[in-house]
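Step one of this worksheet: look at the structure below.
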Amino acid sequence: MGSKRGYFGEYGGRFVPETLMPALEELERAFLKAKNDRNFIAEFESLLKEYVGRPTPLYFAKRFTEYLGGAKIYLKREDLAHTGAHKINNALGQALLAKKLMKKERIIAETGAGQHGVATATGAALTGLKCDIYMGTEDIRRQNLNVFRMNLLGARVLPVDTGSKTLKDAINEALRDWTTNVRTTHYVLGTVFGPHPYPMLVRFFQSIIGREARKQILKKEGRLPSLLIACVGGGSNSIGLFSGFLRDKEVKMIGVEAGGKGIESGLHAARFAGGAKGIFQGCLSYVLEDEDGNILQTHSVSAGLDYASVGPEHAYLKDTGRVQYTYATDDEALKAFELLSNFEGIIPALESAHAVAEAIKIAPKMSKDAIIIINLSGRGDKDVQEVARIKGEDSSLRSE
C-alpha cells in the first residue's frame, strides 16, 4: 500500500463535498478507536458467533469436483450466515459503530441485490436505530422478496427512479441524504468503495472470511489452497476472502466481474476489461465512463455486480499483479447457478454464480491435487424468481 493515508498505491482517497468531510473524519476517528477497543471487538465477535452463526463452514463440494474432473473445490459458505450473505459482517459492525461510538439515531444504506439492505435493516433492528434504504426501481423489480424483508425488519425502502435505476443511483441518493443529515445519521456503505475510510473499514469487518477460510483449509487439507475465486462488484466479499492469503505468494487469486452480455456489446459491468482510471463517488479507481467522463450504463443479470466502478484496493491488486481479474457473462453465470444447484443441492446467489462459472472453466485444467476455494458470498433464494422469468423467455437456458 502507498504511504498516503486512505490510498492503495495511487487508488482511493477522499473526493467529496466539503460538507461531508467532518462526517468522514468523525467516522475515521470512531473506526480507529473501535479497532483498538477491547469491549467493542468482544461485543462484535460475540455477535458474529451467536447471532450471525460464524464461523461459516468450508465445504468440500465432492460431486461438483467429480463432475469437473480436476481440482478439489471447496465452498466458503457465506450463504449460511444470518440474512443469507456476507453483507451482515459489515452491516453489523457499522451499526454497532454508529450506536456505541458515534451515538447516531439513524442509519441509511444503498442496496442493489437487496442483501446489504436486508443486513443493514437487521443491524438497525438489533441496535434500535431508525433505518432508510435507497434502492433503484429496477433492482426493486428484480429483488422484490428482499424489499419485503427490509420492510418486515422495520426499515423504509426509498425507491430511486433516476439514471439506470440501479446501484450507482441509489448511492447518489444516499450520499445526498447523508450530506443533509450528518449530525444524526450514519451512512452504512456496503462495499470496499467510496471515500476513505470506507474501503479500509469494510475490509476490516469482512476480513473474518479470509481468516476463517485459512484456518479451515489448513485443518482439512494441511496446506494452503492453490487458488481463490470470488466475484467482484464493489468487492467486499472478495477482499474479505483474499485478505487472509495476500502474504502467501503461492496462493493465486481470481476476481470475477460481471461480463453481462459480453464486453463488445457494451452491456456489462467489467471495469477492468472495459474501464479506465477515474474518480467516482468519492474515490479514484477503475470506472466505466465515456471519453467525456460520463458514467456509462452498466448491465448484469446479478443486481449486486451491476456497478460502474470497483474498490480501490482491487485496482491496486490488479496493477501489482497480485490478483488476476476476469469476467463471466450472464449466460455463464446462469449455467453455473443451475450446475451447482443440481450437483450440490446449494443454490448460489447470481453474484456468487459468477465465481462458480470461473471455476467451471479453470478447475478441469488443474491437477487433482490442486485446491480451489470459491467464496459462495450469498444464497440464491432472492434470485429464483428472476431466473425463472429469464428461463421462461429464453428456451436455450431450460434444463434438458
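The values are calculated or read from the model by the stated rules, or taken from the named source; none is laboratory data. What you are looking at is a predicted structure, and each value in this text was computed from that prediction instead of being measured. Reconstructed Cβ throughout: ideal geometry from the backbone, glycine too, with neighbour counts over all protein chains shown. To get the accessible areas, we keep the full protein, side chains included, count just its heavy atoms, and leave off ligands, DNA and RNA. Shrake-Rupley method; radii C 1.70, N 1.55, O 1.52, S 1.80 Å.
Key figures for this structure:
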item: Top-ranked residue in the stretch 233-260 [being in contact with a Gly (Cβ under 9 Å, 6 or more places away or on another chain) and free of Cβ contacts under 8 Å to residues at least 40 places away in the same chain; ranked as least open to solvent (accessible area, probe 1.4 Å)]; result: Phe245
item: Within the stretch 355-381, tally of residues that are open to solvent by 20 Å² or more (accessible area, probe 1.4 Å) and either under 25 Å from Ala119 (Cβ atoms) or over 23 Å from the mean Cα position of the chain (by Cα) (or both); result: 8
item: Selection from the stretch 311-333 of residues that are among the hydrophobic types (A, V, I, L, M, F, W, C), touching an Asp or Glu at 6+ places or on another chain (Cβ under 9 Å) and either outside any helix (DSSP H, G or I) or more than 26 Å from Leu201 (Cα to Cα) (or both); result: Ala328, Ala333
item: Qualifying residues in the stretch 149-171 (those that are at pLDDT below 95 and in a helix (DSSP H, G or I)) - the one farthest from the chain's Cα centre (by Cα); result: Asp169
item: Residue check, Ala315 open to solvent by less than 50 Å² (accessible area, probe 1.4 Å), among the aliphatic types (A, V, I, L, M) and more than 30 Å from His82 (Cβ to Cβ); result: yes
item: Residue selected from the stretch 280-300 under the condition in contact with a Gly (Cβ under 8 Å, 6 or more places away or on another chain) and not in a loop (DSSP other than H, G, I, E, B), by the criterion surrounded by the fewest Cβ atoms within 10 Å (Cβ to Cβ); result: Glu289
item: Residue satisfying condition, being out of contact with any Cys (no Cβ under 7 Å at 6 or more places or on another chain), assigned to a helix (DSSP H, G or I) and either over 20 Å from Ala269 (Cβ atoms) or hydroxyl-bearing (Ser, Thr, Tyr) (or both), within set Ser367, Ser352, Ser341; result: Ser341
item: Selection within the stretch 313-344 - among the β-branched types (Val, Ile, Thr) and under 19 Å from the mean Cα position of the chain (by Cα); result: Val323, Thr326, Thr329
item: Residue in the stretch 15-24 that is in contact with a Cys (Cβ under 7 Å, 6 or more places away or on another chain) and either open to solvent by 80 Å² or more (accessible area, probe 1.4 Å) or over 29 Å from Ala363 (Cβ atoms) (or both) present; result: yes
item: Residue check for Glu351: within 23 Å of Gly244 (Cβ to Cβ) and either out of contact with any Gly (no Cβ under 6 Å at 6 or more places or on another chain) or at pLDDT 95 or above (or both); result: yes
item: Looking only at the stretch 375-391, and only at residues there that are of a type outside the set (Gly, Ala, Ser) and touching a strand residue (DSSP E or B) at 6+ places or on another chain (Cβ under 8 Å), the one that is farthest from Pro225 (Cα to Cα); result: Arg379
item: Selected residue [under 14 Å from the mean Cα position of the chain (by Cα) and open to solvent by less than 40 Å² (accessible area, probe 1.4 Å)] from Ala174, Ala230; result: Ala230
item: Test result for Gly190, among the small types (Gly, Ala, Ser) and over 30 Å from Ser367 (Cβ atoms); result: yes
item: Among (1) over 27 Å from Glu78 (Cα atoms); (2) charged (D, E, K, R); (3) touching a strand residue (DSSP E or B) at 6+ places or on another chain (Cβ under 7 Å), the one test that Lys252 misses; result: (1)
item: Checking Tyr198 against (1) of a type in the set (Phe, Trp, Tyr); (2) open to solvent by 10 Å² or more (accessible area, probe 1.4 Å); (3) touching a Leu at 6+ places or on another chain (Cβ under 7 Å), the condition it does not meet; result: (2)
item: Qualifying helices (runs of 4 or more DSSP H) (wholly inside the stretch 36-139; at least 1 residues being modelled with pLDDT under 95, open to solvent by 10 Å² or more (accessible area, probe 1.4 Å) and on the phi < 0 side of the Ramachandran plot); result: 115-127
